[in-house]
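The values are calculated or read from the model by the stated rules, or taken from the named source; none is laboratory data. The model shown is predicted, which means the values in this text are computed figures rather than measured ones. Backbone-built Cβ (ideal geometry, glycine too); neighbour counts: all protein chains shown.
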Amino acid sequence: MLYLRKYLIIGGVKMCKTEQLNKLFEEWKKEQEKENDSNTQKYQGTIPVLKVSKDSFTYDGFVFNEKDNTVLYMLAESNLCGRSKEDETFWFKSVYKIENNNLRLTKRIEKMQEYICQKLPELSKMDISYMNINKRGGFAECDKQILYNYYEKYKENYIWKEIEIIKPKVIVFCAGVDEIFEDLKNNVNCKYIINMYHPSYQFMSDEKYMEKFKLEFDKLSIKI
């Protein structure tokens, strides 16, 4: 299958989607670095108390080919286990392409993508994009107040812009904060947004997880 790159002219320079994302990430990272490193105000702060460096930044975007109308899997944050992320590697992209890996997260996303492709045959298994809301990263258990604060601070200039560049056909929202989900539905240009448990959610079998996903997706697919 032939994929045609779409370009945008920015400041007289023609940029493909990946280049647009990289430019956005560079600006986003610099904006993060300006933040006060103090966490005395948890209910206003965006940096975990335990804590992750304010300069940490996790990259994401297209898993295979850059194109409009992918399925965007939108999660909360990368589990850095207290480490800082300073290189530009895209973790999910590297692990998703490994055959027969046993990660619950990748296996469930693969199953969700297969089901979506059955319902929307114009999509392929490679039409996947992936993003974390909190680019700074966090821990195994997400601090939802910190996540919400981060979303509120960065949504208009960065989070919504990343979605605008990716231009997904469907968003599978797995970040676990209903207020963010509802705000996205009202503000981003994607008609079909599904609210799901995190793909790594351990208190549900794979079968039950997919039952839940199919139920939520089928509510939308009638309209697609």
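A few remarks follow.
- Taking the range 6-95 as the region of interest, the strands (runs of 3 or more DSSP E) fully inside it that hold 1 or more residues being modelled with pLDDT under 80 and closer than 18 Å to Asn157 by Cα are 7-10.
- Qualifying residue in the range 182-193 (condition: assigned to a loop (DSSP other than H, G, I, E, B) and surrounded by 16 or more Cβ atoms within 10 Å (Cβ to Cβ)): yes
- Residue match in the range 136-157 (condition: within 20 Å of Thr18 (Cβ to Cβ), at pLDDT 95 or above and of a type outside the set (D, E, K, R)): yes
- Close pairs from the range 148-174: first farther than 13 Å from Leu72 by Cα, partner small (Gly, Ala, Ser), Cβ under 8 Å, at least 6 apart: Asn149/Gly45
- The residues in the range 124-133 that are touching a strand residue (DSSP E or B) at 6+ places or on another chain (Cβ under 7 Å) and either modelled with pLDDT under 95 or over 17 Å from Lys54 (Cα atoms) (or both) can be counted, and the count is 5.
- Residue-level analysis places Ile163 outside the set of residues that are at pLDDT 95 or above, of a type in the set (Val, Ile, Thr), in contact with an Asp or Glu (Cβ under 8 Å, 6 or more places away or on another chain) and within 25 Å of Lys54 (Cα to Cα).
- Taken as a whole, the range 203-216 holds no residue that is more than 18 Å from Asp127 (Cβ to Cβ), in contact with a strand residue (DSSP E or B) (Cβ under 9 Å, 6 or more places away or on another chain), surrounded by 12 or more Cβ atoms within 10 Å (Cβ to Cβ) and among the basic types (Lys, Arg).
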